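> Starting off with a structure, shown below.
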């Protein structure tokens with residue numbers, strides 16, 4: 001992976017390490033407010049993501065017992081493309097994308113601000129490539145600094 | 001003639017984009033011509049008529065008149081080879 005793709009889209013103000021949160025909503029609120037402060041999303045983004053997560057959740061169970069969530073919503077709530085990331089102090093329950101009745105304990109959350117699917121295909125593919133590498137995910141979860149997190153992301157193979 | 005695959009997810013913006021690309025690439029490698037169309041899961045019933053297969057990352061309505069596969073394999077990598085075979089089998093039949 002070219003780390004320049006991530007450098008282009010990761011919102012530095014929206015990198016939250018060891019986030020204390022008890023619910024999916026709290027994580028989404030925290031990341032959304034950072035994305036809003038950075039003028040990446042509109043004030044309506046947070047509620048729109050929370051509403052969508054209830055109907056069409058974004059939890060993804062990964063290899064080796066890991067799990068992430070990738071909350072996002074329609075482009076109308078977005079000002080410019082970007083990614084926010086939160087690692088969590090303790091795992092937080094999200095519902096599974098494949099089966100909303102199934103709850104999974106998520107250790108890592110990427111919120112996606114998407115404007116145009118064709119322009120952001122490289123960003124999406126980069127994120128998904130990261131998700132397929134458990135060693136990288138584990139390193140991101142354990143990162144204790146922005147630098148460590150960025151270095152871990154840069155190790156994904158695509 | 002190319003087989004038509006409807007690729008659904010929640011918003012038709014994020015995950016289905018990745019799934020479309022992955023399916024197109026995998027089928028090309030197998031020499032199967034496909035065209036893909038992204039949509040929201042809620043739009044599937046109105047678009048399914050022209051499709052040979054529906055692939056979705058999120059639950060689909062029960063009574064679709066066409067074969068469908070719900071899978072996260074293209075996002076998570078888990079069971080991806082099996083799903084690619086399953087899709088290819090559907091398209092060859």
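None of the figures in this text is laboratory data; all of them are computed from the coordinates on show. What you see is a predicted model; the values in this text were computed from it and never measured. Don't worry about glycine lacking a Cβ; one is built from the backbone with ideal geometry, like all the others, and counts go over all protein chains shown.
> What is the average number of partner chain Cβ atoms found within 10 Å of a Cβ in A:92-101?
3
> Which of B:52, B:62 has the fewest other C-beta atoms within 10 Å, and how do the rest follow up to the most?
Ordered by Cβ neighbours within 10 Å, fewest first: B:62, B:52.
> For B:12-25, what's the mean count of beta carbons from other chains sitting within 10 Å of each residue's beta carbon?
Average neighbour count from other chains, rounded to a whole number: 5.
> A follow-up question, please. For segment B:28-93 and segment A:19-63, write down the distance between their C-alpha centroids in whole Å.
If we compute the Cα centre of each part, the gap is 28 Å.
> Expressed as a rounded percentage, what relative contact order does chain A have, with Cα pairs under 8 Å and six or more residues apart?
Worked out over chain A, it gives 28 percent.
> What does the highest-first list of A:115-124, B:19-28, A:70-79 look like by mean Cβ count within 10 Å?
A:70-79, B:19-28, A:115-124
> Distance in nm between label sites at residue A:122 and residue B:50, each 7 Å beyond Cα in the beta-carbon direction?
3.1 nm
> Can I ask one more? Roughly what % of DSSP beta bridges within segment A:1-91 run antiparallel, to the nearest 5?
Roughly 50 percent of the DSSP beta bridges within segment A:1-91 come out antiparallel.
> Could you tell me what percent of the DSSP beta bridges with both partners in chain A are antiparallel, to the nearest 5?
About 65 percent, rounded to the nearest 5.
> Could you put A:9, A:45 in order, starting from the residue whose Cβ has the fewest other Cβ atoms within 10 Å?
A:9, A:45
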